[in-house]
Every structure is written in C-alpha cells, then in structure tokens.
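Have a look at the structure below, then the notes.
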Amino acid sequence: MNRGLPCVLSAMLVLAACQREERDTRPQSALGSGDQPAAVTALEPGGQRPASSNNKAGVFEANAFHLSEGKRLFNWFNCSGCHANGGGGMGPALMDQKWLYGSSIESIHATIRDGRPNGMPSFRDKIPDDQIWELAAFVRALSGNAPKSAAPSRDDDMMPHPSENRLPDAATLGKSP
Amino acid sequence: MNRLVCSVCCGAACMLLLAGCSGWQSALDPKGPAAGELAWLIWFFTALCTVVWLLVMAVLILPLARRPAPVGDPLVLDAAAERGKMRIVVAALAATALILVGLTLLSYFANRTLAAIGSDAALTIRVTGHQWWWEVRYENDQPNRILTTANEIHIPAGEPVRLVVTSTDVIHSFWVPNLSGKLDLIPGHENVLDLKADKPGVYRGQCAEFCGAQHANMSTFIIAEPRPVFDAWLKDQLRPAAAPVSTEAQTGHDLFLKRPCVMCHKIGGTIAGGTVAPDLTHIASRRTLAAGTLAMSRGNLAAWIADPQGIKPGAHMPVVGLNGDELNAIVAYLEGLK
Amino acid sequence: MSSADLAHGRDLAPQRAAAQKGDLAPERDGPRDTGLDDASLERWLARTWQTVPGIIGALSSVDHKIVARRYLITAFVFLCLGGLSAVAMRIQLSGPERGLIGPDRYNQLFTMHGVTMMFLFAVPIVQATGIYLVPLMVGTRNIAFPRLNAFSFWIYLSGGLFAWVSFALDMAPDVGWFSYVPLSGPEFGPGKRSDVWAQMITYTEVSSLAVAVATIVTVLKQRAPGMSLDKIPLYVWAMLVTSFVIVFAMPAVMITSTFLILDRLVGTHIFNPAEGGDVLLFQHLFWFFGHPEVYIIFLPATGMVSSIIAAFARRPVFGYLGMVLSLISVGFLSFGLWVHHMFATGLPKLGASFFTASSMLIAIPNGLQIFCWLATLWDGRPIIRTPLLFVFGFFFTFVAGGLTGVMLASVPLDLQVHDTYFVTAHFHYVLIGGSVFPLLGATYFWFPKITGRMMSERLGRWHFWLAFIGFNAAFFPMHIVGLWGMPRRVYTYPVELGWGNINLFITAGAVVLFLSFVLFTINLVYSASRGAPAGDNPWNAGTLEWATSSPPPSYNFARIPVVTHSEPLWAERDTLPVATGLRVDVRELVISTVAEAYPDVREKSATPSIWPLFAALAVGATFLYSIFSPWAVVWGAGPIAITLIGWFWPKGDPEDEE
C-alpha cells in the first residue's frame, strides 16, 4: 500500500495529462468515422438517440486542445449568430442544462451534423467530422460539462460570460426536465 | 598559444569568405535604401568590433610570449609599473567611452535616416498577421478599389510604400531583410513600417517573432515591379474570380461551395465569403501556397488540400476528406483562378 | 545571544584591539575555544556542527557545504538535460526540412532548453557556488539563515522535477522561455503548458530569493574580524552585488508569471487588449527581470575569473577599487536597459535611442573589468593550468559576445538581427563564454577544495580544447546564418534558402561541445575517487577558503581567522591570527559590523531540522495545485502554516525566552 499509492497516483496523473495535453491535429483516424453515411436522417424531437460511439468521442471532451479548437471554430463559423456566445438568441441557449435533443456528445454531434427542426441547419459536408466533434465537445463545455482542467479559459476579446473553466458545475446549473 | 592565434586568423578568414555570399532573404544583400543603410551600419560595427577584439586578444596573448618572470612574493608589486598600468587602463576606458558615444550617435542618425524614407509614401498597405499567414489589404479611398489578398505583397519599385501592421491573434513580426528591418505585429497596436525597393525583384521575408506551431512556415514575399506592371496587377486583382472554363473546373466550383472550403475562404464573385483564411480569388496568380510553404503547382495544390496537417502540422486548414475525383475537380477550379 | 554579551559587545570599543588579538568575551555560560588545545577543540566542534548520520539526518542537514553540493549536483543534472534537448534540436536542424521532431515537440524542446538553462542551471549553479564558497571566503562557520538555505534547495528541486515531469507528460511549456502573451495566454495556450511555465518560475524564484537573502546577510554580518569592506575577495563582492540584483529583479518576473496565471485561471484581463489590458506590459515586466537575469548569471562568473586570475598570475587583481565599483555599477545599470529586447515592438524613436545609450553605457564598467584583468596578467608570469585555460577561453568568447552586444544595442541594427540566429549566437557567446567557461574553470579550481582531490590536468586540457573548438564551431556560424535571414525558434527551414550546409556544420560543432561535456563528466567521476590528493592550498592562492582543510570540516574553521589583508594567506605566510572566545558546545558565530567588520556579538546558528523539507513539500504542493485552481492558495495556507510553526518552534534556549 505504501508504495502502491504513489504509483497509482502518478499513473493517474500520467493518463490524465496525456489525454488533456495531446495535440492531435488529425484526430479523424482515431475516431474511425471519416466517411459519413448518406445525408438522410429521421430526426424528430424526442426521437431516437444516436448510438453512442465507441467512446473515443469522449477523448474530445477531455482534451484541452480539441476544446480550444472547438471554441475557435464556434467563433469562426459564427455559431454566435444564433446562439449568442452560448446565451441563446434566435437559437436556444447552450449554457444551461436544457437539452432539446439530448446532452451526450453524440447527440450534439448529430445536431450539428444533421441539423434539427426549427432552425438548426445541417453542417454535414460543410464542416469536417473531427471539427464537428470539437464543436460538440466545446458546446458541452459551455454548460460546465468538461473537466475544469481542460476547459478553455477566456478569450482575448470582450467578455460576454465567465470563461468555460470558471463556469459553475453542470450540477449547479439545474437538470434538464 | 599558437593554436589560439591560429583560430583567430581562421575565424576572421571564414567570416570574410562567408560574408561575401548573398541571398534572397539576407540582411547583407540590401535591395532598398533602408536595408542599404542598415547593411552599411552592420559592416561598420562589425569592422570596429573586430579591431577592438583583435586589440584585446593581442594584449591578452602577447605577455604569454615573454619569458616568465621569476616567482616572487605575490604582494610585492612595482609601484611605478602599477601607476603606468593605471594610466593605460584609464586611457583604454576613455577610448571605450569615446567609441561608444560615437556608435550611439551613429545609430541615432541612422534611425533618423530610416524614419525619413516613407514620409511621402503614396501607397498604404495594411498587413495583418494570422496564425500562420499574412492578410494583405491595399487601402484606397474608394471602397471598391480596396484589395484584399494574402501572403504576397506587390509593390511598385522605386517608390516608398507604407505598411500598417497589426495582428488579430498573437504577436508576429514582419521582416523582409533585403528591404528593411523588422517590426512587430501586435494585437491592439498598429505599427507603421516604411519601405522601398530600389529595383524590381522578389524578396522573401519570414515571421520573426515566435508565434506558435507553424512559426517556421510563415513566409511572405515582396514583389517589386515597375509602376505600369504593378498598376496592371492591381487592376487585375480587383476583378472577381475567373469563371470555371472546363466541366471539371465547374464541378470543382460547385464542390468548393458545398464543402468545408466555403466556411473559411473567400472567392470574389461567388458566395464564398469567409474571412478567417486567405482570400483565394486569385490564388493561382500567387507564387506559393500556405504562406510560402509550397511552390504553386497543380501537384502541390492537390497535396496541400489532401493533407495540410502532414505538410504544416498544427495549421488551421483541416483535413477535409475528399475522394480523388473531388480533389481533382477542386484543384482544377483553383488552378483557373489566375 | 544573551543580553549581557550584547551589552558587552556594544561597550567594547576601547577593548577592540584586545578582542582582535584574542578573547571576544570571558568564559561564562559554557566551554569556550579559548583554553582548549587543537585536538579537543576539533572534537568539540565536530560534535556540535555535525550532520547527524542516517536518512533523517541527511534530510535535516543545514550545513552550507552539504546543501551546496546537492545544489551543484542537481544543477549539473539539469545542465545535462538542457544539453540533451539542445542536441536533439540541432539534429532536427542539421538539414532542411527534416522530419525527426515535429513542431509540437520541437517547441517544447526549445522552451525546456531555455527554461532549464536559465532557471534550473545557470542561476542555481552560480548561487550554489556562492553557498559553498562565500562562508568559507569570509571565514565563518555556516551561511546565514541555514534552514532557509536548506528550504531553498528543496523548493528548487521540486520546481525542476515539476518542469521535467511535465515534459515527460507532454505538458511542458511550448511558448519559449519568455512566454509572451497572447501566445501563452488563455486563448492561444490551451491546456496546462503555460501554467507549468508560470509556476516553475515561482518555485525557482522563491528558492533564489531565499539564497540571495542568506548570501547578503552572510557577507554583510558574518565576515571574519578585520575583513573590512575593502578586504572582501572580489568573488564575494560579485556574489553580494548579484544577490542584490536578484532581490530587485526576481519579483518582477514573479509578478509577470502571477499575472499570466491569473489571466489564464481566474479570467482577469491584465493582458487582454479588448478589455483594456496590454500585451506589451508583459514584455516590459518580463525584461525588467530578464535583462538583470543575464548579469545575475554573469557577475558571479567575473568573481570566479578574478579568483582564478589572482591565483595563477601570482598577484592580487589589478585595480581592486575599480573592480568593485564596476561590479556595483553593472548591478545598477542592468535595470536600465531592458527595452533593448523590445526595439522591434514599434517604440517611440527617441525613447528607443535613450535605451541604445544606456545599453552602450554598461559596456564601460564591463570594459573596465576586462582591462583590469588584462593588466593583472600583463606581468607575464601566469602559470597555465586548466582553470586559467578556461579563463582565456572566457576572454576569447566573452569579449566577442560583448562586442556583438554593442551591435544589438543600436536600435536600427537590432531591427535587422533581432530574433535571428545572430542573437542566438550573441547570447550563447555571452552566457557560455561569459559564465559557463568561468564556471568550468572554477570547477577545476575549487574541486580540490570540495573533494580533497585534484582533477586530471590531462583530461582537463582535452576538455578545454574540445569545448573551445566545439563551442566556436557551433556558435560562430550562427552569426552569419542570422544575417542571412534565419529566424530563431524555427523547427525547420526550406531547402532553397541555402542554410543547409552551415547548419550541418553548426550541428557538428554542437556534438563536439556535447562530447567535451561527456569528457568533463568522466573527469569529475574519475577524479572524485582517484584524483591525486590535493592538500589545503594546492594553487597557493591567497583567500581564506584555502586556509582550512580540503574538504573543509563541518565547522569550516577550528578558530575564526582575523583578517589583515585582502589576500590573507599571502600576507600572513606562516599562521593566520585567530579570534577566540566562541562557545564550542553550541553553534556559535561571530557577528561583525557591516563596514569595518569589528567583532560585534556572538550569535547562535540554527541547528539541523527536518521542518524546512516539510515546509518545502507544503509550498511545492501548493504551487502544483495552483496551476489547477486558485483555491490552492487557500487550502495550501494551512499545511504551510503548520510546517512554519514547526520550523520556528521555540527550542527553550535562553535567547528564545527573552
């Protein structure tokens, strides 16, 4: 036990750090979903959830580089045009715990990729798949669902809300109905 | 100690030999008045410093050649000799001070000369640094005459040009050594760099402030042309993009607008209007791709689109996942954008 | 001290002459060294000053020599790591467009190289040399604040481990040792990499501030009786000035790194231009530390050069007063020229020219030092041994580096060479030439004192010539390739610029330089066990550290010497006069007056304690946690307070009860 504890601790530290700090600029191969199925979906509110992927999608959420890339793309692709820095406008707010189409990263990925009724357009083919994962991971971080040690900090810009690593925990934001 | 003398001589010889070389990104091969002034300054300082260095080394080495004096009491010193040394040290110190004052004045006046270069610049170009490319905008009073391009800066030869430089992300530094010294591009600040190329030619420059993963591949080119050629170029660049001429290019055009390309890039005359990546309206008229990383050619264009992260790891251009036909079509379209 | 002694010391004036000859105070509260014969005195002192055997004893040690040895060995290990990262970079750059190391890893490598060499090697090793030598040179028994000194080592060690463990975890800082915002800021530096940089700075700065304070107090208050300010060895002067520079410069960088971590972790906007911050503020703060940092590394080296030259030229260094004044003025001026690192940021032209003038100005006191050394060597009777060879190497390279420094001081000229390999060449000439060569010379010079054995002269000469040739082959061509337009910090360069051959040559030079250090390591290991026994004063030098045995006993001097000359061993050929009257059953030191070094009072020196280690662990854990959460400061305060209470717990001495 005396020796085991430091070993376990350091092993955990190693794993956590690797996952958080790695900067893989070609993550598609890791996910194995570079090719996308035909552009037909049967989306409807409250419909079936997308099957959870082989759990590699979770890597995006725990990785600081992917989260920060997601944040960059969120601005570049003008997601704020409708979601207003996550606060919601024409589109729903992303900083609360209300998820119309599910809160899992797979659901958010599907939302961005295939669009949703009432306004969310489909970005299939418009955004490479790994960047959709990065965006989905960042959207989850907006509501305090990413590890604090990996979540992005503030931008060098006007400050619309506390940075993602300073947001209250998902638990305190209130559960979705 | 002979070896020490040897290496001194070898070093000096090497320096002279190597310094004769020239290059298209070299401070020693000036092609404009600012760089000329600076090259002169570099040579003058180098010569003076070499002389001082040789003198110091001579004073260090000469006593070693003399026969060693017998070892006596270390505290018994010849008072007269010490006084003589003191006089020499004070004289050397005075000489040092004099040289330094001279050099300070010299660099002050050189600085004034540099500042005077762009006082009558007719052309203002705004250069904005991005990770890892340069956005170039030719300012004009008429909004329809404002031109935005990337990475390559055409200027009229023999005329002073004013560059207003800034950055939207991190600090970069604009440096074309054949023409001028460097100036930082700092977010929240605007700096002004005046430069002039004496003769037509292509001068390479490179980001000189560490700016992240692809700092090494962030080059720029200044292309100095005679005034008429420059005017023609400017007029040409202001036109919208050429329409696709072949079926393949037409397919490429359609694909460009349907695929991720359209999210970031702009092609004038189409609905592609992204401003976060280089403007591609006349991409085929440029000499290089990806901020000087690759020479412009069909093969390189295809390679760059197929695997940007293999060529420039960390760059913001993602791997898009096109099949062979799609890739060929897009390349065919881009190749036509002269 | 007891108040009786203090009062006694204060009204001692008429008796001072007597005190210098012998008794400090009559025997009253314990056995004194006055009446003891040498053998029993040494037995008493050895028992009082010993480091207790065993692991706990070793961890509790407050002996300045033991702490300094640990520092030296740790700093040497970091030198090796920094050197290996340099070799890795040079192999990547040996040809155009090589794919050995990608940009992500390369950026971490060059950052770790800079950070390691500056914060984990150069500053600690010059301070460690000071920790070892200053108490010996001023003739006292231990450094001031010995527990703080021990604490500083543990903090330094944990900071170094922190940096290199994070490198192994792929989370090493990758934004350069200067870590400019916005690149290191919250938006462009995802993950914990820049936080690691920021807190690593805090660790190392806390430790070097602690050593600086201890060094200042040692020099000003613990000098042997009679060692007035004009008799202090030049090396000790250099360490004193350096320590003051550290005290004023280091807080600037601690503020910088704290601001950075606040921006990243708490979301302040100190460096955010959109909310009224400014990115250039970071550069001003950083270089206000960064330029004096160069002199922090260089000034102790000048002290080493002075010691070596005096010993081998067989005379005191010419122009003692001028040397001291130039040390002090370099210390002052070093704070007035930070802006020459920022000439390319578009400063107002007249303001920039002012900093040209101030940067040129510092060449004058540095020039004076060079001239004085040359005048010392002019008599033509130096004995050429390895330490002096390295001093010659120092002249050869440092003068060249200083002159290119004059070139960099010129605003317009700097605009062409700033951030190119020319600058890389310049500061390696200044730092390796100006500091590492003297340090290597100092190693050969003082190794016999530390181990009692001489280093191999034959291997030493090989080492010198390999290092000298390798160094110049590696760094001289960098001037040229810099003028050809090669910027710093690039992980690759294109074929068509024609920098390939010269870079291959540079890499070859770097490998030779690296091999010379392998040879040096062999020499160190071999000589430590098999070298010829050295004796007390192998070089026949004149300063006090050579008066005691090699290696020195735990109490340094059996009897505290009385100093009559700046080179006491040359002035008093037969036996040094000594002062007596110190207690031998407790750790007692002579405290002397600042200027004249009259013996003033007797003071107890701290006993060994494990608490500095515990305090360092608590502080280290707080720093580590603080890269993840600002609450670390709150949660860490408790354990730190507990360890400090343990550290300062009253021992029941009469002094504590007053």
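Points to keep in mind about this one:
- Qualifying residue in the stretch C:516-530 (condition: closer than 26 Å to residue C:45 by Cβ and of a type in the set (Gly, Ala, Ser)): yes
- Flag for residue A:147 being touching a residue at least 12 places away in the same chain (Cβ under 8 Å) and either out of contact with any Leu (no Cβ under 8 Å at 6 or more places or on another chain) or hydroxyl-bearing (Ser, Thr, Tyr) (or both): yes
- Restricting the stretch B:105-121 to residues that are more than 8 Å from every other protein chain (Cβ to nearest Cβ) and buried (at least 19 other Cβ atoms within 10 Å of the Cβ) leaves a set whose member that is farthest from residue C:414 (Cα to Cα) is B:118.
- Residue check: residue C:244 meets all listed conditions (1) among the aromatic types (Phe, Trp, Tyr); (2) under 19 Å from residue C:176 (Cα atoms); (3) away from chain B (no Cβ under 14 Å) but one, namely (2).
- Only one of B:194, B:198 that is in contact with a Lys or Arg (Cβ under 7 Å, 6 or more places away or on another chain), more than 9 Å from every other protein chain (Cβ to nearest Cβ), over 21 Å from residue B:133 (Cα atoms) and at pLDDT below 95: B:198
- The set of residues in the stretch C:353-377 that are among the aliphatic types (A, V, I, L, M) and either under 24 Å from the mean Cα position of the chain (by Cα) or more than 9 Å from chain B (Cβ to nearest Cβ) (or both) comprises C:362, C:363, C:364, C:368, C:370.
- Considered as a group, the residues in the stretch B:182-191 that are at the interface with chain C (Cβ under 8 Å from one of its Cβ atoms) and part of a strand (DSSP E or B) include one that is surrounded by the fewest Cβ atoms within 10 Å (Cβ to Cβ), and that residue is B:191.
- Considering the stretch A:151-169, the residues that are more than 7 Å from every other protein chain (Cβ to nearest Cβ) and either touching a residue at least 24 places away in the same chain (Cβ under 8 Å) or acidic (Asp, Glu) (or both) include one that is farthest from residue C:276 (Cα to Cα), namely A:169.
- Matching option when the condition is in a helix (DSSP H, G or I), touching a residue at least 40 places away in the same chain (Cβ under 8 Å) and surrounded by fewer than 24 Cβ atoms within 10 Å (Cβ to Cβ), among C:217, C:196: C:217
- In the stretch B:307-321, the residues that are within 20 Å of residue B:275 (Cα to Cα) form Cβ pairs under 6 Å with partners that are basic (Lys, Arg), at six or more places apart or across chains, as follows: B:319/A:26.
- Evaluated against (1) under 29 Å from residue B:317 (Cβ atoms); (2) more than 9 Å from chain C (Cβ to nearest Cβ); (3) of a type outside the set (Val, Ile, Thr), residue B:157 falls short on exactly one condition, (1).
- Note on the stretch C:162-184: residues that are assigned to a loop (DSSP other than H, G, I, E, B) and either facing chain A (nearest Cβ under 8 Å) or on the phi < 0 side of the Ramachandran plot (or both) total 14.
- Residue satisfying all of: in the stretch B:217-239; part of a loop (DSSP other than H, G, I, E, B) and farther than 27 Å from residue B:172 by Cα; modelled with the lowest pLDDT among these: B:239
- In the set C:144, C:128, only one residue is in contact (Cβ under 8 Å) with a residue 60 or more places away in the chain, part of a loop (DSSP other than H, G, I, E, B) and not polar (S, T, N, Q); that residue is C:144.
- Elements of the type helices (runs of 4 or more DSSP H) sitting completely within the stretch B:271-338 and holding at least 1 residues that are within 11 Å of another protein chain (Cβ to nearest Cβ): these cover B:308-311, B:324-335.
To keep it simple, each residue is scored yes or no on (1) in contact with a strand residue (DSSP E or B) (Cβ under 9 Å, 6 or more places away or on another chain); (2) in a helix (DSSP H, G or I); (3) farther than 17 Å from residue C:358 by Cα; (4) not aromatic (Phe, Trp, Tyr).
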| residue | (1), (2), (3), (4) |
| --- | --- |
| B:91 | no, yes, yes, yes |
| B:96 | no, yes, no, yes |
| B:100 | no, yes, no, yes |
| B:107 | no, yes, no, yes |
| B:110 | no, yes, yes, yes |
| B:115 | yes, yes, yes, yes |
| B:119 | yes, no, yes, yes |
| B:128 | yes, no, yes, yes |
| B:135 | yes, no, yes, yes |
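- Note on the stretch B:205-247: residues that are among the acidic types (Asp, Glu) and within 12 Å of chain C (Cβ to nearest Cβ) amount to 1.
- Residues in the stretch C:365-394 that are among the aliphatic types (A, V, I, L, M) and either free of Cβ contacts under 8 Å to residues at least 24 places away in the same chain or buried (at least 20 other Cβ atoms within 10 Å of the Cβ) (or both): C:368, C:370, C:374, C:375, C:377, C:388, C:389, C:391.
- Flag if residue C:189 is touching a residue at least 40 places away in the same chain (Cβ under 8 Å) and within 14 Å of another protein chain (Cβ to nearest Cβ): yes
- Residues in the stretch B:166-181 that are within 28 Å of residue A:155 (Cα to Cα), within 7 Å of another protein chain (Cβ to nearest Cβ) and in a loop (DSSP other than H, G, I, E, B): B:169, B:170, B:171.
- Members of the stretch C:426-454 that are among the small types (Gly, Ala, Ser) and either surrounded by fewer than 24 Cβ atoms within 10 Å (Cβ to Cβ) or under 16 Å from residue C:520 (Cα atoms) (or both): C:441, C:442, C:452
- Counted residues, the stretch C:487-507 - those being touching a residue at least 60 places away in the same chain (Cβ under 8 Å) and either of a type in the set (S, T, N, Q) or part of a helix (DSSP H, G or I) (or both): 8
- Within the stretch A:104-127, the set of residues being assigned to a loop (DSSP other than H, G, I, E, B) and more than 14 Å from every other protein chain (Cβ to nearest Cβ) comprises A:104, A:115, A:116, A:117, A:118, A:119, A:120.
- Residue match in the stretch C:323-331 (condition: more than 20 Å from residue B:86 (Cβ to Cβ), out of contact with any strand residue (DSSP E or B) (no Cβ under 6 Å at 6 or more places or on another chain) and not acidic (Asp, Glu)): yes
- Residue count for the stretch C:262-274, restricted to those that are facing another protein chain (nearest Cβ under 10 Å), more than 19 Å from residue B:185 (Cα to Cα) and in a helix (DSSP H, G or I): 4
- Qualifying residue in the stretch C:520-539 (condition: within 14 Å of chain B (Cβ to nearest Cβ) and not in a helix (DSSP H, G or I)): yes
- Residue B:72 passes every criterion in (1) part of a helix (DSSP H, G or I); (2) surrounded by fewer than 13 Cβ atoms within 10 Å (Cβ to Cβ) apart from (1).
The values are calculated or read from the model by the stated rules, or taken from the named source; none is laboratory data. As the structure is a prediction and not an experimental result, all values here were calculated from the model. Glycine gets a Cβ as well: all are built from the backbone with ideal geometry, and neighbour counts include every protein chain shown.
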